[in-house]
1. Just to check your reading of the model, which residue among A320, A345 is open to solvent by less than 50 Å² (accessible area, probe 1.4 Å), closer than 20 Å to E17 by Cβ and away from ligand 2 (no atom under 16 Å from the Cβ)?
2. Here are the criteria: (1) open to solvent by 10 Å² or more (accessible area, probe 1.4 Å); (2) at pLDDT below 85; (3) more than 16 Å from ligand 1 (Cβ to nearest atom). Tell me which single one L94 does not satisfy.
3. Specify which of the listed residues (A271, A247) is at pLDDT 90 or above and not charged (D, E, K, R).
4. When only residues in the range 1-38 that are at pLDDT below 80, open to solvent by 10 Å² or more (accessible area, probe 1.4 Å) and not in a loop (DSSP other than H, G, I, E, B) count, which is nearest to ligand 2 (Cβ to nearest atom)?
5. What are the residues in the range 256-314 that are on the phi > 0 side of the Ramachandran plot and either among the polar types (S, T, N, Q) or open to solvent by 100 Å² or more (accessible area, probe 1.4 Å) (or both), if any?
6. Could you please find all residues in the range 220-232 being touching a helix residue (DSSP H, G or I) at 6+ places or on another chain (Cβ under 9 Å) and either within 16 Å of ligand 2 (Cβ to nearest atom) or among the basic types (K, R) (or both)?
7. Please determine whether any residue of the range 54-77 is surrounded by 15 or more Cβ atoms within 10 Å (Cβ to Cβ) and either at pLDDT below 85 or within 16 Å of ligand 1 (Cβ to nearest atom) (or both).
8. Identify the single condition in (1) in a loop (DSSP other than H, G, I, E, B); (2) within 16 Å of ligand 2 (Cβ to nearest atom); (3) open to solvent by less than 40 Å² (accessible area, probe 1.4 Å) that Q217 does not satisfy, given that it satisfies every other one.
Amino acid sequence: MTMTTQVLDKILMLACEECGLVIKIPELSCGQKGSCPRCDHTVIKKIRLPYHRVVAYGIACLIMLILSVSFPFMSFSVNGMGQEITLLNTAETLQHFEKSALAILLMLTVLILPAVYILLMLYLYYHAAKVKHLGHINNRPKTVKHLCRVLFKIQPWLMVDVFLIGVLISLVKISALADIGLGNSFWAFCIYSFLVVKCVALVDRTWLWQQFFPMQQIKGVDVGDSHLDHNHVACHMCNQLNPMLTAKHGKCLRCESDLHPYKPQYSLQYAWAYLLVSIVFYIPANLYPMMYTVSLGESEGSTIIGGVILLWEMGSWPIAIVILIASILIPVSKILTLIYLYYSARKRSNDCSYIAIKRMRLYRMTEFIGRWSMIDIFVVAILVAVVQLQNLMSISPGPAAICFAFVVIFTMLSAMSFDPRLFWLVKDKSKYGSELNSIQQ
Ligand SMILES: [Zn+2]
Ligand SMILES: [Zn+2]
């Protein structure tokens, strides 16, 4: 019997992090995933050849990252005047315009955090393979716990794929003004983006924790219980069930993260606070120019909506539609949807699970599409870096860019701090309480 099977045999129960239902995990075979019978959230994935595939994709990803920053990314020329930029130049130029916050945001979400994520992933999967081989964890468990926590905390902030779409949109925008050349790093970056997305999809939180620290059984909790039974505290980091806290603050008995007992009011207050901050930033983000264009000595600012109208009038309506969706429709609908969800979160209704599932789907969709609003910020960053031909034609960032970035960041923080278990307010033990649904991926 392999170590993985032994470990999985020991799994007894975990609580679904989205609806709070306590469920039993069945024996999964490779390529299967287990999803919650009540809310359909994927709780565990067991991928084929986990160690080999993750290491192969991770190493390929790092090579592509190095190639992405080593050569010219793209070039731009008008009437014989032109320039060539590397990926790192985009951040440098933003810094030149005293937009350090934007430069840092760009570097973090596109290069630094993905690199840290891939390195941590390689380190942890290498050690997981060693644990499987030796049968016990031989390096410092505290370090492994710490690194696992960092890995899962940075995951939502990787925006390589969003940046790539931003690059493609800027290319179409600039191609109307000048001749564009694509450097070797551009192609490396395309492959790097694909590999980062693939790596994120391969890493499974429940499975990875289980390789190092098997789940522990606690007394007094049954399959079919939930957060409404107040007999356990589920860890948000590793899914371990913990006994109810006696002290005010407690640490998870498996991963040692801070435990957050189910406190509906507390989670809602944080979610509302972040949402209000994002609404406040949304006003200057729309009133001030996103960027200034200097053409033959004349400077002109363009706001988000102004940019969309200009693109439409120029005939680039496909890009106008993308920018309209990413910069106006997504943030506005995300803010409105979150207001609706937070407002209705604690309202009971007759057909609870139907309503809860509908709200849950809306919440998941909002979380998923929110980060795509960063497209416009990345478009501005690329345009500022590429179009710098002094008085002939140059683009500089406007004050709205950073405000808009804050809108995206704070709506993401708001959705993250909201506890979706607030949608599930009725105990329905008779209907659920079976094993996870295991589905072939
Ligand atoms: Zn669930
Ligand atoms: Zn934990």
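1. Checking each option against the conditions leaves just A345.
2. With (1) open to solvent by 10 Å² or more (accessible area, probe 1.4 Å); (2) at pLDDT below 85; (3) more than 16 Å from ligand 1 (Cβ to nearest atom) applied to L94, the lone miss is (1).
3. Result of the check over A271, A247: A271.
4. Step by step, filter the range 1-38, then rank; the result is K10.
5. Within the range 256-314, L296 is the sole residue that qualifies.
6. V221, H227
7. Yes: one or more hits.
8. (3)
The values are calculated or read from the model by the stated rules, or taken from the named source; none is laboratory data. Every value quoted in this text rests on a predicted model; they were computed, and no experiment measured them. Note: ideal-geometry Cβ built from the backbone for every residue, glycine included; neighbour counts use all protein chains shown. Just so you know, the surface numbers come from the protein's heavy atoms only, side chains and all, with ligands and any DNA or RNA stripped out. Shrake-Rupley method; radii C 1.70, N 1.55, O 1.52, S 1.80 Å.
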